[in-house]
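Asks: This is the structure, below, for whatever I ask next.
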Amino acid sequence: MTIDPDLLVPGAVVVITAIDDIPKHLFLIEEVFDDVVTGVALTGPLKGTYGEPDQEMIIKIASATLTDRIREHRKP
């Protein structure tokens, strides 16, 4: 599943895929770059930890309401 990069904005909460011993978890985006986002894990064993996951690790936007607000904000 590919996430629309226009939905990856500061303040968005996304779900990061499970890796190694870390289960999938919620992540708050602070900054967006070409291939990574920066921010803080909101749940799981990394809760409160800064991270820079690849955008490929994002499996979905956590909130439909947030997604709707982003789409409204980006309308011309």
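Asks: Run the simple label-point estimate for residue 20 and residue 2 please: 7 Å along Cα→C-beta, distance reported in nm.
Replies: Placing both labels 7 Å along Cα→Cβ, they lie 2.9 nm apart.
Asks: Just to confirm a number: summing +1 for Lys and Arg and -1 for Asp and Glu over residues other than residue 39 whose beta-carbon lies under 10 angstrom from that of residue 39, what do you get?
Replies: Values: positive: none; negative: 30, 31, 52.
Net local charge, residue 39 excluded: -3.
Asks: Taking 7 Å along the Cα-to-C-beta vector as the label spot, tell me the residue 55-residue 30 distance in nanometres, rounded to one decimal.
Replies: Roughly 2.0 nm, to one decimal.
No value in this document is a laboratory result; all are computed from the given coordinates. Since the model is a prediction, treat every value here as computed from it, not as a measurement. Ideal geometry is used to build each Cβ from the backbone, glycine not excepted, and the neighbour counts take in all protein chains shown.
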